[in-house]
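For reference, the structure discussed in these notes is given below.
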């Protein structure tokens, strides 16, 4: 109880920060929902760039005995032997990594251990079997919480996360993974580009709209549910009279869209009671009902695509948008480089997700985000952990010539309009308060309970009245929270 209540309380601090200021993948290395107000106006300069962590000096000579540190992921294969840097900063980083590996006699390699579902479904068996082929696992927050409660991850002494070690550690991950005074997870993922909205510029023009209208609305502070809905109605076209549009105004992953809508209105599935450390139902609040009502209204007008409409698979929205048959797609920033850049003919832009009524008039566009967690299996010894963290810190240390804005140049090739990076992504990067890590991400065994009672119900072909969905979801959601709270206590 004491151990896990600490985790809960710290998670609550994150949620409290969210609710206080909102008076208002599956990832491939970024998280959806991935996942809004505008970039600062012309007369309001952006917030200062956070200071760069001090550059660490090379530590005293140490021989790691040829240790190979394997980081298991679901999306990347990478090591110094195969790296192909495309820029001068990247070449400098990889040269430094090769020098560190040679000097301290170790190797780090990222392996795509399986796909997303494979890692999610099989990591527990690997941990219980004592499989040490993977030294560090990359996991999502929900997977971490499930296995953390079972004691499957090793404690990592705090001295490995000094402010002066030249590594920018994600302090939220250290905090929420704390147990008996030691974090059980770590991350260097601190620039989180929250989910937003892509749009097809050609389809906007064909609908008589300026091709850069979302950029304009975002810059003016007028990018909200109302303007988003108005655009969707302007784009809707039913060519053959069937009631199904030839061009879908909105074509995105249903669950991502709902998550972004909830976050944009300051809504959440649950919070944590700071007095008891227990999860508390938060789906019976006005801001939650407002978000559900808006999303179901879009479905009722056939403004939002769902795979039900075409008898397709869950990811049918991807091709709809890339083929120019969908005008707007809510998704994470990673989609630009992961899919659109090489597969989409039409030009596209990227803006924050529009504000809901509870956040309109503020300077914030909120989105749910969570970094991936890095964990070390519980069966590694403390000496092993010291070696692993020593090497990992060298691998991720800041270099003397590092530019904190290098990410801008790395992302520009993924987008057709530089404003997607220089306005939207810059806004999110320099306003970390927009990023909310909600409590339900940390619930062990979350499984399909949200899908069955809220997420999939919203997109059902019939019976998707918002008040009915929320009311019907109360009993099963409360029962689930009771089970989680009982397990954790």
Checklist entry - within 22 Å of residue 336 (Cα to Cα) and surrounded by fewer than 22 Cβ atoms within 10 Å (Cβ to Cβ) - does that describe any residue in the range 452-470? => result no
Next on the checklist: Could you check the range 152-167 and list, in sequence order, the residues that are part of a loop (DSSP other than H, G, I, E, B) and either within 24 Å of residue 399 (Cα to Cα) or in contact with a helix residue (DSSP H, G or I) (Cβ under 7 Å, 6 or more places away or on another chain) (or both)?
Outcome noted: 152, 154, 156, 162, 163, 164, 165, 166, 167
Next on the checklist: Against the definition (touching a strand residue (DSSP E or B) at 6+ places or on another chain (Cβ under 9 Å) and modelled with pLDDT of 95 or more), how does residue 349 come out, yes or no?
Outcome noted: yes
Item to check | Spans of strands (runs of 3 or more DSSP E) in the range 245-284 with at least 1 residues touching a strand residue (DSSP E or B) at 6+ places or on another chain (Cβ under 9 Å) and under 26 Å from residue 204 (Cβ atoms) | outcome: 248-250
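If you scan the range 162-176, which residues turn out to be more than 23 Å from the chain's Cα centre (by Cα) and buried (at least 16 other Cβ atoms within 10 Å of the Cβ)?
165, 166, listed by residue number.
Take the conditions at pLDDT 90 or above, in a loop (DSSP other than H, G, I, E, B) and more than 20 Å from residue 371 (Cα to Cα) and apply them to residue 83. Does it pass?
Numbers: at pLDDT 90 or above: yes; in a loop (DSSP other than H, G, I, E, B): yes; more than 20 Å from residue 371 (Cα to Cα): yes.
Taking the combined requirement at face value, the residue satisfies it.
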Item to check | Complete set of residues in the range 204-220 that are within 19 Å of residue 359 (Cα to Cα) and in contact with a strand residue (DSSP E or B) (Cβ under 9 Å, 6 or more places away or on another chain) | outcome: 214, 215, 217, 218
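The rows are residues; the columns are (1) within 19 Å of residue 436 (Cα to Cα); (2) crowded, with 23+ Cβ neighbours inside 10 Å; (3) over 23 Å from the mean Cα position of the chain (by Cα).
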position: 262; (1), (2), (3): yes, yes, no
position: 267; (1), (2), (3): yes, yes, no
position: 271; (1), (2), (3): yes, no, no
position: 274; (1), (2), (3): yes, no, yes
position: 284; (1), (2), (3): no, no, yes
position: 288; (1), (2), (3): yes, no, no
position: 291; (1), (2), (3): yes, yes, no
position: 297; (1), (2), (3): no, no, yes
Checklist entry - In this structure, does residue 402 turn out to be within 30 Å of residue 66 (Cα to Cα) and modelled with pLDDT under 80? => result yes
Checklist entry - Within the range 319-360, how many residues turn out to be buried (at least 23 other Cβ atoms within 10 Å of the Cβ) and assigned to a loop (DSSP other than H, G, I, E, B)? => result 6
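How many residues are over 28 Å from residue 65 (Cβ atoms), out of contact with any helix residue (DSSP H, G or I) (no Cβ under 7 Å at 6 or more places or on another chain) and surrounded by 13 or more Cβ atoms within 10 Å (Cβ to Cβ) if we restrict to the range 123-144?
2
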Next on the checklist: Against the condition in a loop (DSSP other than H, G, I, E, B) and surrounded by fewer than 23 Cβ atoms within 10 Å (Cβ to Cβ), how does residue 400 come out, does it pass?
Outcome noted: yes
Checklist entry - Of the residues that make up the range 433-450, is at least one out of contact with any helix residue (DSSP H, G or I) (no Cβ under 7 Å at 6 or more places or on another chain), more than 19 Å from residue 265 (Cβ to Cβ) and in a helix (DSSP H, G or I)? => result no
Checklist entry - In the range 181-210, how many residues are farther than 22 Å from residue 372 by Cα and surrounded by fewer than 17 Cβ atoms within 10 Å (Cβ to Cβ)? => result 5
Item to check | Residue in the range 409-441 that is modelled with the highest pLDDT, counting only those that are surrounded by fewer than 18 Cβ atoms within 10 Å (Cβ to Cβ) and within 21 Å of residue 364 (Cα to Cα) | outcome: 422
Checklist entry - What are the residues in the range 359-375 that are modelled with pLDDT under 95 and either more than 17 Å from residue 257 (Cβ to Cβ) or more than 20 Å from the chain's Cα centre (by Cα) (or both), if any? => result 359, 360, 361, 362, 363, 364, 370, 371, 372, 373
Checklist outcome for this item: When restricted to 185, 251, 232, 194, the only residue under 21 Å from residue 319 (Cα atoms) and within 21 Å of the chain's Cα centre (by Cα) is 251
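The values are calculated or read from the model by the stated rules, or taken from the named source; none is laboratory data. This one's a predicted model, so the numbers in the text were calculated from it and none came from an experiment. Using ideal geometry, Cβ is built from the backbone for each residue, glycine included, and neighbour counts are taken over all protein chains shown.
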